[in-house]
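Peer 1: Okay, here's the structure, questions in a sec.
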């Protein structure tokens with residue numbers, strides 16, 4: 001959908017000029033369509049209040065606002081036809097694609113335990129995800145480590161997880177694909193998940209000892225679970241391979257919670273990171289107003 005057609009058909013009303021910038025529509029200073037300096041990477045659903053459910057329209061709208069990257073946590077749940085169309089759209093626009101989830105379970109013990117059926121499923125998922133990674137022209141696959149096994153001591157669980165991650169490295173390394181593993185907070189969102197702190201993730205990555213395994217540092221999760229964001233990041237820096245963003249409380253766009261994203265992103269940028277920064281959050285407002293507020297939020301923290 002073209003920018004002119006989108007604005008004409010939007011919920012804002014037919015009295016608005018078809019080519020008016022979003023900022024003007026909402027009574028704010030006009031938003032620039034120039035590319036963001038940082039590699040902010042939205043996901044599907046974040047901008048559906050602006051253009052509806054069509055994934056290609058969402059990508060186009062984000063591009064028109066200056067985003068030049070994308071990610072999709074749930075991409076593997078889409079059909080091959082949808083994945084191919086999404087990939088073509090991104091390539092046509094010159095946008096990069098970051099992470100998608102290769103394997104996950106929020107209901108089973110996968111990495112931490114010894115149940116052969118569950119562990120074999122992880123390996124099958126990893127092999128299938130190679131096709132998706134190739135289709136999307138990405139070198140990053142997100143691996144979710146499943147539930148903790150409360151029957152086993154923590155050290156046994158860590159050993160089980162390291163062993164399975166090492167097996168996955170054998171699958172991904174020949175294709176040059178890096179796995180990223182994400183600590184998820186126990187306090188609000190995911191109380192039963194095995195991987196929930198940065199030090200734990202760091203220990204696993206060090207135990208496996210491969211450059212094809214890194215940490216996904218979700219700033220929202222880390223702030224809730226551990227706080228002390230910048231010192232924690234510095235300690236784990238050599239094994240961090242990807243970032244995701246969300247404010248807390250609420251898990252919405254930056255500026256709606258307690259995290260000073262200008263300082264955090266300046267710190268990350270000064271340390272030399274130039275990779276993806278996934279928009280892993282919701283919108284504090286609905287509709288076009290919510291979508292425009294998200295764009296303004298990222299303009300305010302684009303410190304690159």
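Nothing in this text is a laboratory measurement; each read-out follows from the coordinates by a stated rule. Just so we're clear, the structure is a prediction, and the values are computed from it rather than from any experiment. Note: ideal-geometry Cβ built from the backbone for every residue, glycine included; neighbour counts use all protein chains shown.
Peer 1: Pick out which of 285, 38, 277 has the largest mean-square fluctuation in a Gaussian network model of the chain, springs linking Cα atoms closer than 10 Å.
Peer 2: 285
Peer 1: So, one more: Between helix 55-64 and the chain, what is the angle of the helix's C-alpha long axis to the longest principal axis, kept within 0 to 90° and rounded to the nearest 10?
Peer 2: 60
Peer 1: Using a/c under 1.5 as the rounded threshold, could you call segment 197-284 rounded, prolate or oblate? The axes a ≥ b ≥ c are square roots of the C-alpha gyration tensor eigenvalues, and prolate needs a/b larger than b/c, oblate otherwise. Intermediate results must be reported in sequence, preceding the final value.
Peer 2: On the way: a/c = 1.90, a/b = 1.68, b/c = 1.13.
It comes out prolate by the Cα gyration axes.
Peer 1: Turning to a different aspect of this structure: At what distance in nm do the modelled label points of residue 134 and residue 269 sit from each other, each positioned 7 Å from its Cα along Cα→Cβ?
Peer 2: Placing both labels 7 Å beyond Cα along the Cβ direction yields 3.8 nm.
Peer 1: Roughly how many nanometres apart are two label points built 7 Å out from the Cα toward the Cβ at residue 92 and residue 206?
Peer 2: Those two pseudo-labels are separated by 4.8 nm.
Peer 1: May I pose another question? Expressed as an acute angle from 0 to 90° and rounded to the nearest 10, what is the orientation of the C-alpha long axis of helix 116-136 relative to the principal long axis of the chain?
Peer 2: The two axes meet at around 40 degrees.
Peer 1: Using the number of other C-beta atoms within 10 angstrom as an exposure proxy, rank 97, 111 with the fewest first.
Peer 2: The order, fewest Cβ neighbours first, is 97, 111.
Peer 1: If one takes the longest principal axis of the Cα atoms in the chain, at what angle in degrees, from 0 to 90 and to the nearest 10, does the Cα axis of helix 154-172 lie?
Peer 2: Helix 154-172 sits roughly 70 degrees off the main axis of the chain.
Peer 1: When a/c is below 1.5 the answer is rounded, else prolate if a/b is larger than b/c, else oblate, so apply that to segment 242-301 with a ≥ b ≥ c taken from the square roots of the Cα gyration tensor eigenvalues.
Peer 2: The shape class here is prolate.
Peer 1: Next question. Only one of the listed values, [x] 0.96; [y] 1.06; [z] 0.98, was derived from the coordinates as Rg/Rh (Cα atoms, Kirkwood Rh); which label is it?
Peer 2: Step by step, Rg/Rh (Cα atoms, Kirkwood Rh) for this structure corresponds to label [z].
Peer 1: State, to one decimal in nm², a quarter of the convex hull surface area for the C-alpha atoms of segment 54-130, i.e. the direction-averaged projected area.
Peer 2: Working: hull surface 24.3 nm².
If you wrap the Cα atoms of segment 54-130 in a convex hull and average its projections, you get 6.1 nm².
Peer 1: Quick one: what does P(r) look like for segment 99-252 with 5 Å bins over all Cα pairs, in whole %?
Peer 2: Pairs per bin, as whole percents: 2, 10, 20, 23, 22, 15, 8, 2, 0.
Peer 1: A follow-up question, please. Calculate for the chain the 222 nm mean residue ellipticity that helices alone would give, adding -39,500 (n - 2.57) per DSSP H run of length 4 or more and normalising by residue count, nearest 500 deg cm²/dmol.
Peer 2: Computed ellipticity for the chain at 222 nm equals -13000 deg cm²/dmol.
Peer 1: Given 0.36 nm per residue, what is the gain on full extension from residue 167 to residue 262 after removing their alpha carbon distance, in nm?
Peer 2: Working: separation 95, 0.36 × 95 = 34.20 nm, distance 3.85 nm.
Taking residue 167 through residue 262 to full extension adds about 30.3 nm, to one decimal.
Peer 1: So for the chain: antiparallel DSSP bridges make up what percent, rounded to the nearest 5?
Peer 2: On the way: 1 of 23 bridges.
Taking every DSSP beta bridge with both residues in the chain, the antiparallel ones total about 5 percent.
Peer 1: Moving on. Round to the nearest 0.05 the FRET efficiency obtained for residue 53 and residue 159 when R0 = 51 Å and r is the Cβ-Cβ distance.
Peer 2: Numbers: r = 44 Å, r/R0 = 0.86.
The computed FRET efficiency comes out at 0.70.
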